[in-house]
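This report refers to the structure that appears directly beneath it.
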Amino acid sequence: MPILQIIKDLIGKEDIDWGDSSTTFARETHTGGSINMHYIDAEVIPSTGLGGYIGDHLHVQNTDSLTTATTFGINSGGNSLVLSSSGLTASRTITFPNTSNQALIGATDLVSTAASKGATLVGVEDSGSYFSGANVEAITQELGSDVSTLQTETHNRGMKNGFIMAYSSTTAITIGGGMWAHTGTTNRHVYLSSQITFTLGPGGSNASSTALGANQIHYIYLDDSAIVAAATSLLTASEFLNSTTAPDAYSHSKVGWYSTNDRCIGAVLTNASNEVLSFAVFGSHFYRYASPVTEYTTAAAATTYTALDIASSVPRFCTRARLRITSVSAGTVLYFDTSSTATTPECATFSTANTPEMADVPLTAAQLSYYYASAGNNIDVDTSGYYMDEL
């Protein structure tokens with residue numbers, strides 16, 4: 001038999017069969033006999049048993065740059081990780097961090113307010129080394145603590161700027177923008193960002209206000225209870241209050257004039273018709289009445305120190321007033337002091353008879369001024385205005 005025929009016959013035999021590798025099949029030998037051979041199962045070829053060659057070449061690399069699937073999952077048999085594009089409104093590129101310990105953070109974690117989420121995951125550059133924390137949450141807490149400290153520290157107590165009052169009508173005043181430290185139920189810096197109109201009396205801006213009466217001093221306060229109820233530092237007219245109750249003695253601990261927890265910001269005077277007496281403010285300290293208030297009707301002046309009580313026309317926190325004085329005789333000299341025994345340097349000389357003269361006089365804490373005249377000539381004394389002490 002020719003050699004080529006023998007080769008042809010052998011090739012035609014089943015040298016390899018595929019199937020279950022746990023079974024065998026009979027293979028005919030070239031001498032006409034047979035031997036049993038195991039099936040080779042293509043699905044269970046162990047690459048390690050074949051030197052790794054087959055295992056290295058069974059996988060064909062997918063060369064697609066993208067996939068049409070909207071999700072891709074890892075570890076589907078356990079706690080899986082799923083990448084999803086279902087919420088995207090445009091194509092996005094995720095760049096993996098180039099460090100060994102940087103975790104990827106999702107949008108859900110970034111907006112969370114739970115512990116170890118949200119702001120704790122966002123770092124802050126602090127080149128000036130002002131903070132001990134390194135993330136937004138830690139630094140926010142530090143800032144909150146600093147603000148709380150500033151609200152209670154001594155050097156901020158008593159701070160005031162603005163709140164200048166002005167006459168508006170017979171029942172109302174305006175209060176200008178400003179900021180004052182208020183030491184009350186809570187300590188806070190309250191402010192106005194614009195001028196407001198405050199209407200006095202219980203039917204006005206604040207139902208807790210006192211009704212206007214005749215010839216009364218009404219003190220204007222920051223209403224502590226209203227500020228607490230409003231729970232905001234930005235004031236409205238409702239957080240101010242008018243009352244005939246004078247503030248307590250000056251509080252050195254709160255650094256201001258208070259009635260309990262209400263801080264006084266000024267005062268107004270009413271006339272005989274239960275109306276707010278018109279006034280004007282010059283600078284931030286001098287309040288001048290449009291109609292001077294009579295304190296001493298035409299009568300002979302005292303020639304020894306005598307108390308001149310003007311507490312009915314100037315507020316408790318005033319220690320200097322401007323008086324308009326008229327003498328019926330030229331050459332009369334009046335002397336003023338806060339003591340009935342002191343020799344005072346403050347005096348006013350009336351060079352012309354029956355001509356009003358202005359004099360700024362000192363007052364005691366009870367709004368008294370002691371005076372005497374060089375002669376017992378008739379005089380008239382009116383309060384023209386007052387200087388406001390530190391509130």
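Filtering the stretch 333-380 to residues that are within 19 Å of residue 317 (Cα to Cα) and in a loop (DSSP other than H, G, I, E, B) leaves 338, 339, 363, 364, 365, 366, 367. Within the stretch 317-355, track down each residue that is over 18 Å from residue 298 (Cβ atoms) and among the hydroxyl-bearing types (Ser, Thr, Tyr). Passing the criteria: 319, 335, 338, 339, 340, 341, 343, 344, 349, 351. The set of residues in the stretch 318-333 that are closer than 29 Å to residue 270 by Cβ and at pLDDT below 85 is empty. Exactly one residue out of 278, 312, 273 is touching a strand residue (DSSP E or B) at 6+ places or on another chain (Cβ under 6 Å) and either without any contact (Cβ under 8 Å) to a residue 40 or more places away in the chain or closer than 30 Å to residue 176 by Cα (or both): that is 278. Among (1) in contact with a Leu (Cβ under 9 Å, 6 or more places away or on another chain); (2) assigned by TED's automatic domain parsing to the domain that holds residue 249, where does residue 310 come up short? Of the numbered conditions (1) in contact with a Leu (Cβ under 9 Å, 6 or more places away or on another chain); (2) assigned by TED's automatic domain parsing to the domain that holds residue 249, the odd one out for residue 310 is (2). In the stretch 105-124, the residues that are closer than 9 Å to residue 137 by Cβ form Cβ pairs under 8 Å with partners that are of a type outside the set (A, V, I, L, M) and outside any helix (DSSP H, G or I), at six or more places apart or across chains, as follows: 118/112; 119/135; 120/135; 121/135; 122/135. For the stretch 340-350, the criterion of a residue being under 28 Å from residue 267 (Cβ atoms) and either at pLDDT 85 or above or assigned by TED's automatic domain parsing to the domain that holds residue 246 (or both) is satisfied by no position. Looking only at residues of the stretch 88-115 that are among the β-branched types (Val, Ile, Thr) and surrounded by 10 or more Cβ atoms within 10 Å (Cβ to Cβ), we find that the one that is nearest to residue 69 (Cα to Cα) is 105. Scanning the stretch 360-380 turns up at least one residue that is closer than 27 Å to residue 271 by Cβ, surrounded by fewer than 13 Cβ atoms within 10 Å (Cβ to Cβ) and at pLDDT 85 or above.
Within the stretch 318-328, being in a strand (DSSP E or B) and in contact (Cβ under 8 Å) with a residue 60 or more places away in the chain holds for 320, 321, 322, 323, 324. Considering (1) surrounded by 17 or more Cβ atoms within 10 Å (Cβ to Cβ); (2) over 28 Å from residue 270 (Cα atoms), the lone condition that residue 175 does not fulfil carries the number (2).
The values are calculated or read from the model by the stated rules, or taken from the named source; none is laboratory data. Keep in mind that this is a model prediction, so the values were computed, not measured. Glycine gets a Cβ as well: all are built from the backbone with ideal geometry, and neighbour counts include every protein chain shown.
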